[in-house]
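The values are calculated or read from the model by the stated rules, or taken from the named source; none is laboratory data. This structure is a prediction, so every number in the text was calculated from the model and none was measured. Positions of Cβ are generated from backbone atoms using ideal geometry, with glycine treated the same way; all protein chains shown enter the neighbour counts. Each accessible area value is taken on the protein alone, full model and side chains, heavy atoms only, with ligands, DNA and RNA left out. Shrake-Rupley method; radii C 1.70, N 1.55, O 1.52, S 1.80 Å.
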Amino acid sequence: MCSSDLFLCVCCLTEPANAKDFKYSYGVFIGAEPEDISAADDYETIVIDAAFFSKAQIKELKNEGHIVYSYLNIGSIETWRSYYKKYKPYTLGIYENWEDERWVDISKKKWQKFVVDTLAGKLSTKGIDGFFIDNADIYWYHHKNSIYNGLNKILKKLKKKYRLTIMVNGGDTYIKKCIRSGRKLYFDAVNQESVFSRITDYKKDTFGVQKAEELKYYKSYLKKCKKAGLNIYLLEYTKDQSLALKAERYCDKMGYGLYISDSIKLN
């Protein structure tokens, strides 16, 4: 993330996706509100939480040339969301490191319908280009066929109903099973967090270097995703310029998108 001067020299190594209009190809601004979104001016493809943006504001972003993905949380519920109380009976447990978030049983048909028809429906009417699906890791947390099937049903319905690009954030346990099944994939891209970096303290925004075995695993996993025809993006959290440069060079070599943030707030 080029929000600080520390990363200006690193991010400039990326060949602009649109040399005329944008310096960088990909940026994640999920924590940004409309008044903060000027931070995304130099990025072609941007990820925001469109629930906090009006249709007119998103139209303005698109008129500026941005490709706009919206955050859509399908595997957990934040306690501050207006619909939390209604779906609280479906929650499965507290999300580690995120005290205001609960895992949700996505095998429930009422939740599936709510996600597809209500949440995604409201976002799609704002003119977004795609969904940035979060917490498919529910299949890792609650490793049951009913959860796997629930994910498939939601993504299939999203794809069929809205015909928008779908990027899945994380969810490697689910995605690996999808690829092994040999069946049609209902998503187009994968965003993987913390491949080269890792978060050591969520409250203090402190980061470290990813463990060697984890780095090896993610590199192998993402190659399989690419072979399956998926576009790959990395989201790293670090304030270490040398680590940022290492991730940058690797992504350039592999043809992956990359965004580097110095805060988990992504604002």
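Per-residue answers, yes or no, for (1) touching a residue at least 40 places away in the same chain (Cβ under 8 Å); (2) polar (S, T, N, Q):
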site: Glu44; (1), (2): no, no
site: Lys59; (1), (2): yes, no
site: Asn63; (1), (2): no, yes
site: Gly75; (1), (2): yes, no
site: Asn97; (1), (2): yes, yes
site: Ile106; (1), (2): yes, no
site: Phe114; (1), (2): no, no
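Please go through (1) open to solvent by 40 Å² or more (accessible area, probe 1.4 Å); (2) part of a loop (DSSP other than H, G, I, E, B) for Ile128 and return the number of the only condition it doesn't satisfy.
Only one criterion in (1) open to solvent by 40 Å² or more (accessible area, probe 1.4 Å); (2) part of a loop (DSSP other than H, G, I, E, B) is unmet by Ile128, namely (1).
For region 198-213, which residues satisfy the criterion of being under 19 Å from Glu96 (Cα atoms) and either open to solvent by less than 90 Å² (accessible area, probe 1.4 Å) or in a strand (DSSP E or B) (or both)?
If the condition is that a residue be under 19 Å from Glu96 (Cα atoms) and either open to solvent by less than 90 Å² (accessible area, probe 1.4 Å) or in a strand (DSSP E or B) (or both), then Arg198, Ile199, Thr200, Asp201, Tyr202, Asp205, Thr206, Phe207, Gly208, Gln210 are the ones that fit.
Mind telling me which of the residues Tyr218, Tyr186 ends up being aromatic (Phe, Trp, Tyr), open to solvent by less than 70 Å² (accessible area, probe 1.4 Å), assigned to a loop (DSSP other than H, G, I, E, B) and touching a residue at least 24 places away in the same chain (Cβ under 8 Å)?
Answer to the selection: Tyr186.
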